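Colleague: Take a look at the following structure, please.
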Amino acid sequence: MRLMNGGQSTVSRRGVAALLAAPAIAHASEWPDGPLRIIIPFPPGGASDGVVRLLQPHLQARLGVPVVIDNRAGGGTTIGTGAVAQARDGRTFGLTTDAISVNPAILPEMPYDTIREIQGVMEIGTAPLLLAAATGRRPWRDAAEMLDAARRRQGSVSAGTSGSGLSNLFVVLASAQTGAGLLLVPYRGAGPLLNDALAGHVDLVVGTTSALAPHLRSGALRALVQAGATRAALLPDTPTFAELGFPEVVAEVSWGIIAATRMAPTAIAGMHAALAAALAMPDVRQQIEGAMAMRVIASSPAEYTRRISADIARWTALVRHHGLRVEQ
């Protein structure tokens, strides 16, 4: 997929503690009355798959039933998410990413109505997108110098993405807000992008802190600016776009658990409590915040549902304003 030019809340530690203080979920017949299923709309082995597999044993221990992981890749996540929307058993959940909000804005046809058929259970965590350059390959000392060079010669600074919808929209958003006129170069996957970025064949690489963490830690890549609401723990010395005077340039990859809107409130509450208990465990939190370089959010179902709806409206407005279309 290629795009062509043509307020987030965090549950407090007190809130998590309150959830943990609540009685354990009863293993009564009403819910859960059998194994749970979490559909992942990606192949096994990626970062999204890893989040669920990290939580899986803790969810099983808390809920007292098996939690089965079902990888259903394809369709830009719409195949797996569609299966969640159509589920009627009261025990099927899904992992989602920012694609839940981006797809309605960029895909001409959707197999489900996200607003009407999907509800949020919990936004687990986020990782900001950022612009980085291969160390020693470009002369810019910081983001200000890079943006100045890009403004002076429109289209002269290339920004490579892994081809995902959010990263492409981020380049369009950053270019419009800063006046940089970045040249969007979508790649078919992160591997080819990183190879070209490290070799200096593309000026900037767009990625999340979690995806680029090994290269940032080794010094092969140097982060110039990040698009998080706040500075990521991995990059305490890298400014955000907001700090540079562009508060509208916020783009974060998100991981969360969703369910069909028909799912009973007791099931939503039960899964949310189990997720909150797992995320409050020090070893789990360390894995997510440390090794995975994400920021734990642990939102309420209502907060996550509102976030999805607001982001759909935001990205749809951007696509329409810039006349973007999708090239399959």
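Colleague: Quick test for you: out of Ala298, Ala233, pick the one residue that is among the aliphatic types (A, V, I, L, M) and surrounded by 16 or more Cβ atoms within 10 Å (Cβ to Cβ).
Modeller: Numbers: Ala233 fails: surrounded by 16 or more Cβ atoms within 10 Å (Cβ to Cβ).
On inspection, the qualifying residue turns out to be Ala298.
Colleague: May I pose another question? Report whether or not Glu243 is surrounded by fewer than 20 Cβ atoms within 10 Å (Cβ to Cβ), at pLDDT 95 or above, acidic (Asp, Glu) and outside any strand (DSSP E or B).
Modeller: Yes, satisfied.
Colleague: Take His321 and decide whether it is in a helix (DSSP H, G or I), over 18 Å from Ile124 (Cα atoms), over 17 Å from the mean Cα position of the chain (by Cα) and not assigned by TED's automatic domain parsing to the domain that holds Gln177. So that I can check it myself, show each step before the final result.
Modeller: Details: in a helix (DSSP H, G or I): yes; over 18 Å from Ile124 (Cα atoms): yes; over 17 Å from the mean Cα position of the chain (by Cα): yes; not assigned by TED's automatic domain parsing to the domain that holds Gln177: yes.
Spelling it out, His321 is indeed in a helix (DSSP H, G or I), over 18 Å from Ile124 (Cα atoms), over 17 Å from the mean Cα position of the chain (by Cα) and not assigned by TED's automatic domain parsing to the domain that holds Gln177.
Colleague: Same structure again: What pairs come out if I take residues in the stretch 101-130 that are more than 17 Å from Gln86 (Cβ to Cβ) and pair them with residues that are in a helix (DSSP H, G or I) and charged (D, E, K, R) whose C-beta lies under 6 Å away, six or more apart or interchain?
Modeller: Partner pairs satisfying both residue conditions: Ser101/Asp311.
Colleague: Based on what the data block shows, is Gly80 crowded, with 20+ Cβ neighbours inside 10 Å, over 30 Å from His201 (Cα atoms), touching a Phe, Trp or Tyr at 6+ places or on another chain (Cβ under 6 Å) and small (Gly, Ala, Ser)?
Modeller: no
Colleague: Are there helices (runs of 4 or more DSSP H) fully within the stretch 45-161 with at least 3 residues that are not aliphatic (A, V, I, L, M) and not assigned by TED's automatic domain parsing to the domain that holds Pro282? List them.
Modeller: Values: elements: 47-63, 78-86, 99-106, 114-117, 143-152.
It comes to 143-152.
Colleague: Continuing with this model, one more query. Give the residues of the stretch 272-289 that are under 15 Å from Pro57 (Cβ atoms), hydrophobic (A, V, I, L, M, F, W, C) and assigned to a helix (DSSP H, G or I), sorted by residue number.
Modeller: Matches in the stretch 272-289: Ala274, Leu275, Ala277, Ala278, Leu279, Val284, Ile288.
Colleague: Only one of Val202, Val206 is among the β-branched types (Val, Ile, Thr) and within 20 Å of the chain's Cα centre (by Cα). Can you tell me which?
Modeller: Val206
Colleague: Continuing with this model, one more query. Condition test on Ile257, is it in a strand (DSSP E or B) and not assigned by TED's automatic domain parsing to the domain that holds Pro186?
Modeller: Yes, satisfied.
Colleague: Continuing with this model, one more query. May I ask you to list the residues in the stretch 153-174 that are of a type outside the set (A, V, I, L, M) and either closer than 29 Å to Gly46 by Cα or modelled with pLDDT of 95 or more (or both)?
Modeller: The answer is Ser158, Gly160, Thr161, Ser162, Gly163, Ser164, Gly165, Ser167, Asn168, Phe170.
Colleague: Kindly indicate the residue of the stretch 190-199 that is under 21 Å from the mean Cα position of the chain (by Cα) and either within 15 Å of Leu130 (Cα to Cα) or among the hydrophobic types (A, V, I, L, M, F, W, C) (or both) and also surrounded by the fewest Cβ atoms within 10 Å (Cβ to Cβ) among those meeting that condition.
Modeller: Ala190
The values are calculated or read from the model by the stated rules, or taken from the named source; none is laboratory data. As the structure is a computational prediction, the values presented were derived from the model and not from experiment. When we count neighbours, we look across all protein chains shown, and the Cβ atoms used for this are built from the backbone with ideal geometry, even at glycine.
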